[in-house]
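Engineer: Below is the structure I would like to discuss, written out as structure tokens.
The values are calculated or read from the model by the stated rules, or taken from the named source; none is laboratory data. Here the structure is a predicted model, which is why all the values come from computation and not from measurement. So basically every Cβ, Gly included, is an ideal-geometry build from the backbone, and we count neighbours across all protein chains shown.
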Amino acid sequence: MTTNGTNGKESENRKLCIICSKGSLDMAYPPLVLANAARMSGIDVDLFFTFWGLEMICKDKMKNLKVPTVGNPSMHIPTMLGGLPGMSTVATTMMKREIEKLDFPEIDEFIEMLSDAGANLYACKMSMDMMKLTDEDIIEEAEIIGAMEFMEMSEGAQLLFI
Amino acid sequence: MTTNGTNGKESENRKLCIICSKGSLDMAYPPLVLANAARMSGIDVDLFFTFWGLEMICKDKMKNLKVPTVGNPSMHIPTMLGGLPGMSTVATTMMKREIEKLDFPEIDEFIEMLSDAGANLYACKMSMDMMKLTDEDIIEEAEIIGAMEFMEMSEGAQLLFI
Amino acid sequence: MTTNGTNGKESENRKLCIICSKGSLDMAYPPLVLANAARMSGIDVDLFFTFWGLEMICKDKMKNLKVPTVGNPSMHIPTMLGGLPGMSTVATTMMKREIEKLDFPEIDEFIEMLSDAGANLYACKMSMDMMKLTDEDIIEEAEIIGAMEFMEMSEGAQLLFI
């Protein structure tokens with residue numbers, strides 16, 4: 001993307017850095033789908049999990065992300081009904097079923113698949129400290145780095161905050 | 001943005017690719033306002049509608065996007081009150097009135113205006129399949145593409161995920 | 001980031017433009033943490049406050065941003081309970097305490113610190129009009145600009161929409 005034709009970096013690869021900040025199921029898929037498309041197109045991919053997005057790589061949470069029903073007008077569920085116990089579970093089950101039909105894996109498998117395909121996984125140190133998580137809590141494929149390290153590695157990349 | 005001064009691409013135009021992923025009224029305007037400003041500045045614009053953002057180009061939904069009141073602390077509506085039937089409608093009406101005062105069109109007109117101004121509209125194939133939408137359901141100005149095609153067309157562009 | 005090696009712009013600095021659009025406490029920190037890391041890495045930083053994000057620089061609101069509990073499955077609070085009066089205050093207090101432990105300042109001090117460190121602060125004119133805010137309502141470090149001015153100043157920058 002940013003070669004200048006005058007030095008050895010001419011062949012530098014296109015790079016996409018995606019900051020994953022959400023812990024809801026419906027916002028966990030977009031970064032993974034885009035990262036997958038990018039890897040299939042030969043683009044370098046870094047995924048940086050921060051704030052609620054850390055749950056996407058937490059061993060005990062990544063299998064249980066949910067779709068929020070209240071505060072999400074796209075669900076077309078009346079607000080009072082959306083607040084009823086169980087509605088979020090219904091919406092989550094429905095979404096998982098549709099995603100499975102499309103042959104997309106569940107979050108944990110999807111992340112492992114991306115790691116195998118060469119995407120780099122990073123966990124935000126500050127967010128881990130804030131949520132009192134240790135390296136035991138997250139998948140071993142993820143490397144823990146600080147925000148400054150992320151800034152340095154994302155030089156020249158296209159950025160997405162999801 | 002990324003000319004290298006050594007080949008025929010020297011005059012390549014600056015490009016902005018906006019991924020529209022939200023179906024709430026308050027998050028439907030930012031991509032359109034930014035796309036409009038970009039077109040007026042002579043920047044190439046691609047809008048990629050995915051996940052809940054597909055509702056922005058769905059014929060039967062684009063006129064009825066709503067502002068969520070619960071889960072949105074910026075509304076300054078107490079949580080219990082925000083959950084009352086009708087509060088979201090009140091907030092939506094208020095926002096539409098303010099936006100109209102500023103001479104911004106409603107979502108459907110705004111999108112048509114952007115298309116006329118040369119912005120390219122794309123619908124995400126995977127999201128359409130997931131929501132069981134066909135090309136009959138979305139506006140005809142939008143072209144249906146996959147995530148890989150989007151990755152390829154966004155090379156060298158500035159990216160936004162909204 | 002995008003020098004072409006053939007003109008005086010060769011030494012142009014890497015630049016990050018962050019669009020801040022959210023007024024909840026948990027989504028106010030990510031842009032500030034990233035902006036801080038960028039400044040510490042010597043990267044130019046522009047922060048553009050728009051829509052609900054304007055509350056981050058509103059004198060009477062920036063000290064009182066809250067964490068939403070409903071519509072945020074990452075809070076792991078049952079939906080009915082999340083809607084109870086006071087739950088958002090509890091979550092907000094908990095988050096503030098954790099952030100303080102990490103030596104991060106509160107929002108108002110954080111923004112002042114970033115301004116002192118050379119980050120540029122911009123308020124979106126359209127959003128101010130929509131919310132009926134005047135320049136008296138926002139901090140004096142912020143300059144009011146339109147979306148087109150923002151598009152022009154963000155040329156060649158890496159973009160984030162938060």
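Engineer: Restricting to segment B:3-23, count the residues that are modelled with pLDDT under 90, touching a Ser or Thr at 6+ places or on another chain (Cβ under 9 Å) and within 13 Å of chain A (Cβ to nearest Cβ). Don't jump to the end; show me each part of the working.
Structural biologist: We begin by selecting, within segment B:3-23, every residue modelled with pLDDT under 90; these are B:3-12.
So of that shortlist, the ones also touching a Ser or Thr at 6+ places or on another chain (Cβ under 9 Å) come out as B:3-6, B:9-12.
Remaining after also requiring within 13 Å of chain A (Cβ to nearest Cβ): B:3-6, B:9-10, B:12.
Summing the residues that are modelled with pLDDT under 90, touching a Ser or Thr at 6+ places or on another chain (Cβ under 9 Å) and within 13 Å of chain A (Cβ to nearest Cβ) in segment B:3-23 gives 7.
Engineer: Taking B:M153 and the conditions (1) surrounded by 20 or more Cβ atoms within 10 Å (Cβ to Cβ); (2) under 25 Å from A:N13 (Cβ atoms), which numbered condition does it fall short on, given that it satisfies the others?
Structural biologist: Among (1) surrounded by 20 or more Cβ atoms within 10 Å (Cβ to Cβ); (2) under 25 Å from A:N13 (Cβ atoms), B:M153 violates only (1).
Engineer: Going by the conditions given, is B:M151 facing chain A (nearest Cβ under 8 Å), in contact with a Gly (Cβ under 9 Å, 6 or more places away or on another chain) and at negative phi?
Structural biologist: Here the answer is no, as B:M151 does not meet what is asked.
Engineer: Return the residues of segment C:140-162 that are more than 26 Å from A:I19 (Cβ to Cβ) and of a type in the set (A, V, I, L, M, F, W, C); say none if nothing qualifies.
Structural biologist: Selection gives C:I144, C:M148.
Engineer: Filter segment A:40-69 down to the residues that are in a loop (DSSP other than H, G, I, E, B) and touching a residue at least 60 places away in the same chain (Cβ under 8 Å), then identify the one that is farthest from the other protein chains (Cβ to nearest Cβ). Give the steps one after another, and end with the answer.
Structural biologist: First, the residues of segment A:40-69 that are in a loop (DSSP other than H, G, I, E, B): A:41-43, A:50, A:59-65, A:67-69.
Cutting the leftovers down to touching a residue at least 60 places away in the same chain (Cβ under 8 Å) gives us A:50, A:59-60, A:62.
Numbers: A:T50: 7, A:K59: 15, A:D60: 11, A:M62: 12 Å.
Step by step, filter segment A:40-69, then rank; the result is A:K59.
Engineer: Kindly indicate the residue of segment B:131-150 that is farther than 14 Å from B:M56 by Cα and out of contact with any strand residue (DSSP E or B) (no Cβ under 9 Å at 6 or more places or on another chain) and also surrounded by the most Cβ atoms within 10 Å (Cβ to Cβ) among those meeting that condition.
Structural biologist: Out of the qualifying residues, it is B:M148.
Engineer: Just the residues that are within 7 Å of another protein chain (Cβ to nearest Cβ) and either over 10 Å from the mean Cα position of the chain (by Cα) or more than 16 Å from C:E106 (Cα to Cα) (or both), please, taken from segment C:26-39. Before you say what the answer is, go through the steps one by one.
Structural biologist: First, pick out the residues of segment C:26-39 that are within 7 Å of another protein chain (Cβ to nearest Cβ): C:26, C:30, C:33-34, C:37-38.
C:D26, C:A37, C:A38 - these are the residues of segment C:26-39 that are within 7 Å of another protein chain (Cβ to nearest Cβ) and either over 10 Å from the mean Cα position of the chain (by Cα) or more than 16 Å from C:E106 (Cα to Cα) (or both).
Engineer: What number of residues within segment C:102-124 satisfy the criterion of being within 14 Å of chain B (Cβ to nearest Cβ) and either more than 16 Å from the chain's Cα centre (by Cα) or more than 27 Å from B:Y29 (Cα to Cα) (or both)? Steps first, answer last, please.
Structural biologist: First, pick out the residues of segment C:102-124 that are within 14 Å of chain B (Cβ to nearest Cβ): C:107, C:122, C:124.
Next, from what is left, pick out any that are either more than 16 Å from the chain's Cα centre (by Cα) or more than 27 Å from B:Y29 (Cα to Cα) (or both): none.
Number of matching residues: 0.
Engineer: Being at pLDDT 95 or above, closer than 30 Å to C:L133 by Cα and either within 14 Å of chain A (Cβ to nearest Cβ) or within 18 Å of the chain's Cα centre (by Cα) (or both) narrows it down to one residue among B:I145, B:I162, B:I99, B:I138; which is it? Steps first, answer last, please.
Structural biologist: Details: B:I145 fails: closer than 30 Å to C:L133 by Cα; B:I99 fails: at pLDDT 95 or above; B:I138 fails: closer than 30 Å to C:L133 by Cα.
Selected residue: B:I162, the only one of B:I145, B:I162, B:I99, B:I138 that is at pLDDT 95 or above, closer than 30 Å to C:L133 by Cα and either within 14 Å of chain A (Cβ to nearest Cβ) or within 18 Å of the chain's Cα centre (by Cα) (or both).
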